[in-house]
Amino acid sequence: MPRSERSPLLLAGLLATAGVAHFANPRQFDAIVPKALPGTARTWTYASGVAELALAAGVALPRTRKAAALAAAAFFVGVFPANVKMAADWRHRPAPQKAAAFGRLPLQLPLVLWARSVAKSVEGRS
C-alpha cells in the first residue's frame with residue numbers, strides 16, 4: 001500500500017484509539033478538561049471521544065476524507081488547551097510524567113499538519 005494511502009488510515013487509527021481511550025479510561029481525560037468549560041468534565045470527555053470516533057470514521061472513508069481531515073485538524077487545535085492544562089497540572093510530578101505532559105504540547109502541530117496533508121492529498125486526486 002503506497003504511503004499516500006496508508007497515511008489517512010494511520011490517522012484514522014490514531015483518532016479511533018484516542019476515542020476509545022476516552023471511554024475505557026475517562027478519569028484521565030476528565031482531569032485535563034479546562035475548568036472554564038461549562039458542564040461536567042465527564043460530558044466533555046465523552047463528547048470528545050465521540051468526536052474522535054466520528055473523525056476516525058470520516059477520515060477512513062474516501063468519500064468523507066477531506067472534510068473529516070480538515071475537521072480533525074481543527075479538533076487538534078481545539079484540544080490544545082487540555083494539553084496545556086495537563087502540562088501545568090503535572091509540572092511538579094516526577095520527571096518522566098512531566099516530560100510526557102510537556103512533550104505533548106509540540107506534538108499538536110505535527111498532528112494538525114498531518115490532518116491537513118491528508119485533506120490536501122484528497123484534493124490532489126480530485
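Numbers for the structure displayed
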| read-out | value |
| --- | --- |
| Residue exposure sequence - Thr40, Thr45 - by fewest surrounding Cβ within 10 Å | Thr40, Thr45 |
| Hits among lysines - C-alpha to C-alpha of Lys66 under 25 Å, sequence gap 8 or more where chains match | Lys120 |
| Size of charge dipole - the chain - debye, nearest 20, with Cβ of Lys, Arg +1 and Asp, Glu -1, no other charges | 180 debye |
| Farthest positive-ward along the chain dipole, Cα basis, beta-carbon charges - from Leu111, Phe29, Leu53 | Leu111 |
| Trypsin sites (Lys or Arg not before Pro) restricted to the stretch 28-70 and DSSP loop, no more than 10 other C-beta within 10 Å | Lys35, Arg63 |
| The chain: DSSP helices with Cα axial extent of at least 30 Å and average Kyte-Doolittle hydropathy no lower than 0.0 | 3-24, 95-125 |
| Under 30 Å from the Cα of Lys98 - lysines, other chains or at least 8 residues apart | Lys35, Lys85 |
| Max mean-square fluctuation residue, GNM over the chain, Cα-Cα springs under 10 Å, options Ala36, Ala67, Ala95 | Ala36 |
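Read the figures in this text as sums done on the coordinates, not as results from a lab. Predicted model, so just to flag it, every value in this text is computed and none were measured. Please note: Cβ atoms are built from the backbone with ideal geometry, for glycine as well, and neighbour counts cover all protein chains shown.
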